[in-house]
Amino acid sequence: MLRVLEKEGWKDFFVVPRSIDEVMDHFSYTDNEFIMDIINALLSDKTMTKLKDGKYQVLKPLQANGVNFPDIFTKSITDIMSEYADAVPNRLRGEYIDFSGAINLFNWDDVLINYAYEAIRRAAFAFTPEVLNKPGYFLDGGCGTGVGTSAIWLYYYKKGHIHPQTKFKIYGIDNDKNFIEIAKNEFDRIAASHNVIQKDEILQYKEYFPEFKVGTVSDIPFEEEFFDYVYMSQVLHWTDASKTIKEAYRVLRPGGVYFGTNTMVPHTNPYLSLHLQVIEGAQGSFTKEKMTDWLKDAGFSKIKFTTPVTIFRAEKV
């Protein structure tokens, strides 16, 4: 993000104190709110300062040199975030990019098998043990390429729930048709990659495979009270979270559980939120307090959170 802003000319422009109006006029920006999100991130790490007259000035070079990424940050992750950062200048001018556009389709397919996703997924299920102990109709909202969905299906398989006598079905939705095509066509391969069951044995259970369809979590394409469980992992920041939570409530049956994971402020980095917002409809990061308000407004009760990631669960009474 810092590299892109410096290339855009921010460092040289902000050597002299500037107002927001001057910034918008000089760079032909149209999104005042997104400019302020960026400036607030720069203020938070003291890269920029706000003067008494309300203008802003750079205190140090924007270029981020010598960044050492944690091992868990694979090349696929850094490639995705680099492309999102490169899209920031056009985003400031009102243009968005596709979530999985160009090479990112393949990068996301790789990223979603990352150990971090599996770790927080297992934590979410540990926090909501009834989901595996009492099978039902299950929605994986924002399922991506089906990597997480296949892991969930295997949780039920290992519990012995994949058979005709079990009232059980997993559905996966994602608004990206490219992801859904991968999920539909390659479920057996993806499930076998978890090394729990061989591919030829998986195919014996084909009639019990998840059903995948294109759809958004803020407008879930199912009737009211269809699901026993609605799960969303690292999804809400890509959406209008308030609307998405209301949709989760609508499609849950009484007694149903809405659960999952979402990194929240202050535990997430403010620059990450800026990267996310280059995708149309993505609101970026929010606080646990804000999410609690959204859950209560939707009608949920027994709301609980745990760990900084954060794992959450809420019930529809």
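The values are calculated or read from the model by the stated rules, or taken from the named source; none is laboratory data. For clarity, every value in this text was computed on a predicted model and none was experimentally measured. Cβ sites come from the backbone with ideal geometry, for glycine too, and all protein chains shown count toward neighbours.
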Original post:
Which residue pairs have Cβ atoms closer than 7 Å, lie 6 or more positions apart in sequence or on different chains, and pair a first residue in region 117-137 that is part of a loop (DSSP other than H, G, I, E, B) with a second residue that is at pLDDT 95 or above?
Top reply: 128/257; 128/259; 128/313; 135/156; 136/228; 136/229
Subject >> Among the candidates 215, 256, residue that is buried (at least 17 other Cβ atoms within 10 Å of the Cβ) and more than 19 Å from residue 314 (Cα to Cα) >> reply: 215
Original post:
Given the residues 247, 224, which is the only one that is touching a helix residue (DSSP H, G or I) at 6+ places or on another chain (Cβ under 8 Å) and among the acidic types (Asp, Glu)?
Top reply: 224
Original post:
Quick one: which of 45, 53, 79, 86 is exposed (fewer than 15 other Cβ atoms within 10 Å of the Cβ) and either touching a Phe, Trp or Tyr at 6+ places or on another chain (Cβ under 6 Å) or within 30 Å of residue 98 (Cα to Cα) (or both)?
Top reply: 45
Subject >> Filtered residue count, region 14-30, keeping only those that are loosely packed, with under 15 Cβ neighbours inside 10 Å and not β-branched (Val, Ile, Thr) >> reply: 5
Original post:
Is it the case that residue 236 is more than 14 Å from residue 138 (Cα to Cα) and at pLDDT below 95?
Top reply: no
**OP:** Assess whether residue 282 counts as being among the small types (Gly, Ala, Ser), free of Cβ contacts under 8 Å to residues at least 12 places away in the same chain and within 23 Å of residue 116 (Cα to Cα).
**Re:** no
Subject >> Only one of 149, 128 that is among the hydroxyl-bearing types (Ser, Thr, Tyr), modelled with pLDDT of 95 or more and more than 20 Å from residue 180 (Cα to Cα) >> reply: 128
